[in-house]
Amino acid sequence: MSVRTPDPDPTPDPLPGDGAQPGPAWLSDIELEQIRRRLPLLYVEAVPVRVDGLGQVTHVGILLRANAMGEITRTLVSGRVMYGETLREALFRHLEKDLGPMAFPLLPASPVPFHVAEYFPMPGVTAFTDERQHAVSLAYVVPVTGTCEPRQDALELTWMTPEEAVSPTVAEELEGGRGALVKAAMASVGRMAP
């Protein structure tokens, strides 16, 4: 299953007089495919949560989306870190892209992830798979305080209790092994035993 965030629609090679082109961080589909076959790519993933007044996680946000094969799956906020972009900027960009501009995420004071997930195209190397590539993902638990209105390819955001989010049923619906990532997230915030 994909780790998501495709580049914008591919653009043909510029011709003289074509004007401004996408920034250097964007890759054409062909360039991205070539790079994916040669290098691991860096991603960030966020487990959006709601917290109470004491900072305890009360709800976990899980995205529902249709994948490239038309299957409905659950996933987390995720996407590539662009060239020249800080981890904090990448997290904010993907949270806003997936949850909407009014989500108001509270980014962590320290950019230290709760987990580093390594996705491989062949199953069984780790708990995480992405048939397109070898990717390394830095995963964060991010409280959000605003209104979440999923955008891009997300169909909806479902708020679940931590117990519901780590249930076998939800874990099975999460693409690419992300059920293990949600369990690690809840363990990192003291909502379940590691």
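Below are the figures for this structure:
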| read-out | value |
| --- | --- |
| Where LEU157 falls short, out of the listed (1) over 26 Å from ILE35 (Cβ atoms); (2) out of contact with any Pro (no Cβ under 7 Å at 6 or more places or on another chain); (3) buried (at least 17 other Cβ atoms within 10 Å of the Cβ) | (2) |
| Residues located in the range 91-107, provided they are touching a residue at least 12 places away in the same chain (Cβ under 8 Å), open to solvent by 60 Å² or more (accessible area, probe 1.4 Å) and closer than 20 Å to SER137 by Cα | PHE92, ARG93, LEU106 |
| Close pairs from the range 51-77: first of a type in the set (D, E, K, R), partner not in a strand (DSSP E or B), Cβ under 8 Å, at least 6 apart | ARG65/ASP153; ARG74/VAL170; ARG74/GLU173; ARG74/GLU175; ARG74/ARG178 |
| Meets criteria (open to solvent by 30 Å² or more (accessible area, probe 1.4 Å) and either over 14 Å from the mean Cα position of the chain (by Cα) or more than 17 Å from ALA46 (Cα to Cα) (or both)) for GLU118 | no |
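Residues checked against (1) at pLDDT 95 or above; (2) within 14 Å of the chain's Cα centre (by Cα); (3) closer than 19 Å to GLU71 by Cβ; (4) part of a loop (DSSP other than H, G, I, E, B):
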position	(1), (2), (3), (4)
ASP98	no, yes, yes, no
VAL125	no, no, no, yes
GLN133	no, no, no, yes
LEU138	yes, yes, no, no
PRO150	no, yes, yes, yes
ARG178	yes, yes, yes, no
LYS183	yes, no, no, no
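The values are calculated or read from the model by the stated rules, or taken from the named source; none is laboratory data. Note that the coordinates shown come from a computational prediction; the quantities given were computed from them, not determined experimentally. We place every Cβ from the backbone using ideal geometry, glycine too, and count neighbours over all the protein chains shown. Remember, those area values only see protein heavy atoms, side chains included, never the ligands or the DNA or RNA. Shrake-Rupley method; radii C 1.70, N 1.55, O 1.52, S 1.80 Å.
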